[in-house]
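J.: Once you've had a glance at the structure underneath, I'll fire off some questions.
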Amino acid sequence: MMRRFSYVFVILSMLGACGSMDIEDFEGTTPELKLEEYFLGKTKAWGIFEDRFGNLRREFTVDIEGTWDGETLTLVEDFLYSDGETDQRIWRITKTAENTYVGEADDIIGKAQGRAVGKALNWNYDFMLKMKDGELKVRFDDWFYLQSKDVLINKADVTKFGIQLGRATIFFQRVSSQAVKAPAAEDGESSADDHARQSHLGRSQEAA
């Protein structure tokens, strides 16, 4: 009996290990996801939240405005829930290396940590979830998958003490993007260019 139990335990452990996804599995996949590029400008999102049994609990839409200053991506997210409730979250996400990000928001506990590889991003953080009778500290394990330059899909497992409480699924669609402004020319370069144009104009008038 004990031998049979041990065998079943080993099989279940192996299945659990096989089921865990690793961000490195997405090496070389395309299109490549860069948060500071995808969320620049306006984005619209539609989402649902299901409980651990798969029952639909909430539906919502999000209007997102993103700006990038070369170091920090600021996302202003305005939520509208199907019951009429509204909410706003402002993310400040810093790119710490080529593929890693750190994020902060008012209802995030500590800092969110994220890593992007290929078309995917894994994003983890602790969050104060609003309940009818208060707040509950939960853990979010977010996965983002870029489908095209305009379409992004997100699934987030919500857990407490390692026990899954529910899952959020969100579909993002870019509405507009802002062109990154080229740095202004140095004063010396501008003066030299103006001088060259004036000299060319003078020669043209003399030839005429």
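J.: Before we move on, is residue 189 at pLDDT below 90, over 23 Å from residue 61 (Cα atoms), among the acidic types (Asp, Glu) and surrounded by 10 or more Cβ atoms within 10 Å (Cβ to Cβ)?
T.: Judged against the criteria, residue 189 is a match.
J.: Of the residues 39, 53, 79, which is of a type in the set (Phe, Trp, Tyr) and over 22 Å from residue 138 (Cβ atoms)?
T.: 39
J.: Out of everything in the range 72-84 that is of a type in the set (Ser, Thr, Tyr) and surrounded by 12 or more Cβ atoms within 10 Å (Cβ to Cβ), what residue ends up being nearest to residue 24 (Cα to Cα)?
T.: Going through the qualifying residues, I end up with 72.
J.: For the range 85-130, which positions are in a loop (DSSP other than H, G, I, E, B), surrounded by fewer than 17 Cβ atoms within 10 Å (Cβ to Cβ) and among the charged types (D, E, K, R)?
T.: 85, 98, 106, 107, listed by residue number.
J.: Now for a separate question. Working carefully through the options 107, 87, find the one that is more than 19 Å from residue 124 (Cα to Cα) and among the acidic types (Asp, Glu).
T.: 87
J.: Name, by its number, the condition in (1) part of a loop (DSSP other than H, G, I, E, B); (2) at pLDDT 95 or above that does not hold for residue 182.
T.: The number of the failed condition is (2).
The values are calculated or read from the model by the stated rules, or taken from the named source; none is laboratory data. Just so we're clear, the structure is a prediction, and the values are computed from it rather than from any experiment. Every residue, glycine as well, gets a Cβ built from its backbone with ideal geometry; the counts of neighbours run over all protein chains shown.
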